[in-house]
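These notes concern the structure reproduced below.
The values are calculated or read from the model by the stated rules, or taken from the named source; none is laboratory data. Because the structure is a prediction, the values reported are computed rather than measured. Cβ placement follows ideal geometry from the backbone for every residue including glycine, while neighbour counts extend to all protein chains displayed. For the accessible areas, the whole protein counts, side chains as well, though only heavy atoms, and no ligand, DNA or RNA atoms are used. Shrake-Rupley method; radii C 1.70, N 1.55, O 1.52, S 1.80 Å.
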Amino acid sequence: MNAQRLRVYQGPSFWQRLSHIARSAAACSKANSAFSTVLAASLRETPFPSKSAVIMGKNGPMMLGGHRGMGENLVTRSPSGKADVYPAFRENTIQSFQQAAKCGVGFVEFDVQVTRDNVPVIWHDDDVVIGPADHPSRPQVKDLTLAELKVLCGRGGEGSSSGAAADASASNPCMSGVTTGCTPRGCDDKREPVAIKVADGTQEPRGLLRLFRDRATRQWATSYEQWKCDQDDAIPTLEAVFAALPPEVGFDIEIKMTTGDDVVHTPSDEVERMLGAILPVVNRCSSSSSPSSGPVSAPPSPLPTAHLTDCGCRNGDVVTPQRRRRIMFSSFDPDVCVELRRRQTEHPVYYLSGCGLYTHADARRTSIPAALSFASEAGMRGIVVPASVLLKNMDLVESANRNHLELMTYGLENNDLDCLKAQADAGVVAAIVDEVEGVTAAFNAGNGNAAAATVGSISGSDAAIADAIATGAL
């Protein structure tokens, strides 16, 4: 098989395993044959997704991941000033994740918050913004039960009954903003509601609000706008996401913390509130063990290696068989990363860092050297940094390698194909993208773009793929 046709592997293999094989081929010639057998078995047994784009760089492959599924919801404005939300799928929803998987991403990145009744849900912001745009209510997710959150949001905040809202409001002061309004943060320190007077005396407008970034300029808006998506969906629980997506779709589970940027160390009880709710769900819904022995002894994988198992997620009294899902944890909070590493060894932990783009009292969050030092000393598998930072500091890849850290990137810069190709050539192992549909289509089609021209597609039998890997073609 022509090696050029292997530039993008469009098959259902685990991205960690493929990256490991590609990066280890030259150094592990004796092991290649056995590894190719494992890969070929994976291909035969895993029907979904039908394609998975890997950008082949000079030193190995780089996997594409979907940011919040199909991408962060941005706003596009017509010359007349009409605003539309893009992409059409509401971010961080099951529909968005499923569509991203169909586009061929190897994994989806999503944000996990924990409700007042200890249910992990998929939601990015600390709060839910609802009400009149000039004086909205902003109850925090951690102050709401799952039922109250569903009352507020439903599908885009619409369709909740007034009776359900009234019941929820009576049981939780922070829910009073649904009908009568709260302080801008949802409620004050004493959790007392503050009424909002609507000028015409009517009930507050229903529906979610948001401060959007502009898709063209990437600048933040200065006022709230209605958050309506053509393809809307309800806020899912973490357990529902596991149940809805096939195990071939990898997860980058970002733990979202609500502590302020003036807090150096996150209180241990807050860390426990989050991880005490999240980890049991992940453990229950993912295979918790892997085969004790394999066909070959290999060097440590640059990315977490997954094996197929017969374990499943227990839903009530029913156990559904499933293959092992590739999972990684990430967080901007160093204390959470340390505790994730201490509490479990099954899934790798990556430190998310703004590398100084965002001010913070914690010195570990304020620079590139600080991020590298913390991640290395704390035993992280790698770091995830803004693509904008990496493009100005390409030696960051070499610095990460010296610290035995893998490097991933995020940010709207990853919508640019040339930017992605430069990262792949530099040795970045994965890039989280927002324009999922456009990026994957460009690479998969090979449409002549400078970046797309370096990738092709592959077809053929599993045996032919395995042979190409074993002979060092990949």
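Residues in the stretch 109-130: is at least one farther than 26 Å from residue 280 by Cβ and more than 15 Å from the chain's Cα centre (by Cα)?
yes
Please go through the stretch 134-148 and pick out each residue that is in contact with a strand residue (DSSP E or B) (Cβ under 6 Å, 6 or more places away or on another chain) and either open to solvent by 10 Å² or more (accessible area, probe 1.4 Å) or within 24 Å of residue 97 (Cα to Cα) (or both).
136, 138, 140, 141
It is to be established whether one or more residues within the stretch 105-122 are at pLDDT 50 or above, outside any loop (DSSP other than H, G, I, E, B) and open to solvent by 50 Å² or more (accessible area, probe 1.4 Å).
Looking for residues that are at pLDDT 50 or above, outside any loop (DSSP other than H, G, I, E, B) and open to solvent by 50 Å² or more (accessible area, probe 1.4 Å), one finds none in the stretch 105-122, hence no.
Under 9 Å by Cβ, and 6 or more places apart or on different chains, what pairs join a residue from the stretch 338-351 that is outside any helix (DSSP H, G or I) and modelled with pLDDT under 95 with one that is of a type in the set (Ser, Thr, Tyr) and buried (at least 19 other Cβ atoms within 10 Å of the Cβ)?
Short answer, once both residue conditions are applied: 346/286; 346/287.
Taking residue 426 as the residue in question, decide whether it is open to solvent by 10 Å² or more (accessible area, probe 1.4 Å) and farther than 22 Å from residue 253 by Cα.
yes
For the stretch 149-160, check the following and say yes or no: at least one residue is at pLDDT 95 or above, β-branched (Val, Ile, Thr) and open to solvent by less than 30 Å² (accessible area, probe 1.4 Å).
Looking for residues that are at pLDDT 95 or above, β-branched (Val, Ile, Thr) and open to solvent by less than 30 Å² (accessible area, probe 1.4 Å), one finds none in the stretch 149-160, hence no.
So that you can scan it fast, the table gives a plain yes or no per residue for (1) at pLDDT 95 or above; (2) farther than 20 Å from residue 114 by Cβ; (3) open to solvent by 10 Å² or more (accessible area, probe 1.4 Å); (4) under 17 Å from the mean Cα position of the chain (by Cα):
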{"site": "217", "(1), (2), (3), (4)": "no, yes, yes, no"}
{"site": "223", "(1), (2), (3), (4)": "no, yes, yes, no"}
{"site": "255", "(1), (2), (3), (4)": "yes, no, no, yes"}
{"site": "258", "(1), (2), (3), (4)": "no, no, yes, no"}
{"site": "276", "(1), (2), (3), (4)": "yes, no, yes, no"}
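Determine which member of the set 365, 325, 381, 341 is open to solvent by 10 Å² or more (accessible area, probe 1.4 Å) and in contact with a Leu (Cβ under 9 Å, 6 or more places away or on another chain).
Only one candidate passes the filter, namely 381.
Restricting to the stretch 242-291, count the residues that are of a type in the set (Asp, Glu) and in contact with a strand residue (DSSP E or B) (Cβ under 9 Å, 6 or more places away or on another chain).
2
Conditions: (1) under 21 Å from the mean Cα position of the chain (by Cα); (2) over 30 Å from residue 86 (Cβ atoms). Residue 247 meets all but one. Number of the miss?
Condition (2) is where residue 247 drops out.
Can you name the strands (runs of 3 or more DSSP E) wholly within the stretch 370-474 that have at least 2 residues being modelled with pLDDT of 95 or more and more than 28 Å from residue 88 (Cα to Cα)?
Filter on the stretch 370-474 gives 382-386, 406-410.
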